[in-house]
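Below is one structure; the comments refer to it alone.
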Amino acid sequence: EEEEEPEDKGRGEEKKADKKRYTVFVGNLPYDISQIDIMKHFDEVMKGNGVVSVRMLTDRGTGQFKGTCFIDLQDTVCYTRALKMHHTSLGGRKINVEPTVGGGGKGQSRMAKLSKKTSLISQKRKQRVKRESEKKKKTNNKNNNKNNTSS
């Protein structure tokens, strides 16, 4: 899918200068989900104003939703928050939220950019999971120590 430069929609002069797109790919969505449901899910962490648009991918022949979409986000903060929603549950399914580099196709330059971006996001996700795991272990150890001393 080819991406175009975003139009300014009255968000101020600083947005006109910023032509960068903040788009994520979302996969494994339920086939019966609506654009509104997707926006609500992502707006929960964006505090209601981060999603610019949701582009749901459909089969050209049948018009049926394919279970994937692109979400355009307002800025870098929203983009980062959206990526953190990887493997959250929506409509009873664990969704995939991945970075995009735009342009579509399988060109070598695009694939290299995408690989680099995906690798960086993957490293950050692993670090976050490790931190959360260590935090949980510390909490469990503190609770175990309290239980052992109070016996």
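The values are calculated or read from the model by the stated rules, or taken from the named source; none is laboratory data. What you see is a predicted model; the values in this text were computed from it and never measured. Virtual Cβ from ideal backbone geometry, glycine too; neighbours counted across all protein chains shown. Note: areas computed on protein heavy atoms with side chains; ligands, DNA, RNA excluded. Shrake-Rupley method; radii C 1.70, N 1.55, O 1.52, S 1.80 Å.
Brief remarks on what is shown
- Within region 76-88, being open to solvent by 20 Å² or more (accessible area, probe 1.4 Å) and either of a type in the set (S, T, N, Q) or in a helix (DSSP H, G or I) (or both) holds for Thr76, Val77, Tyr79, Thr80, Arg81, Thr88.
- Considering residues of region 28-75 that are touching a residue at least 40 places away in the same chain (Cβ under 8 Å), outside any loop (DSSP other than H, G, I, E, B) and among the acidic types (Asp, Glu) only, the residue surrounded by the most Cβ atoms within 10 Å (Cβ to Cβ): Asp72
- If you filter region 94-117 down to residues that are modelled with pLDDT of 75 or more and under 15 Å from Gly27 (Cβ atoms), you find that the one that is surrounded by the fewest Cβ atoms within 10 Å (Cβ to Cβ) is Lys94.
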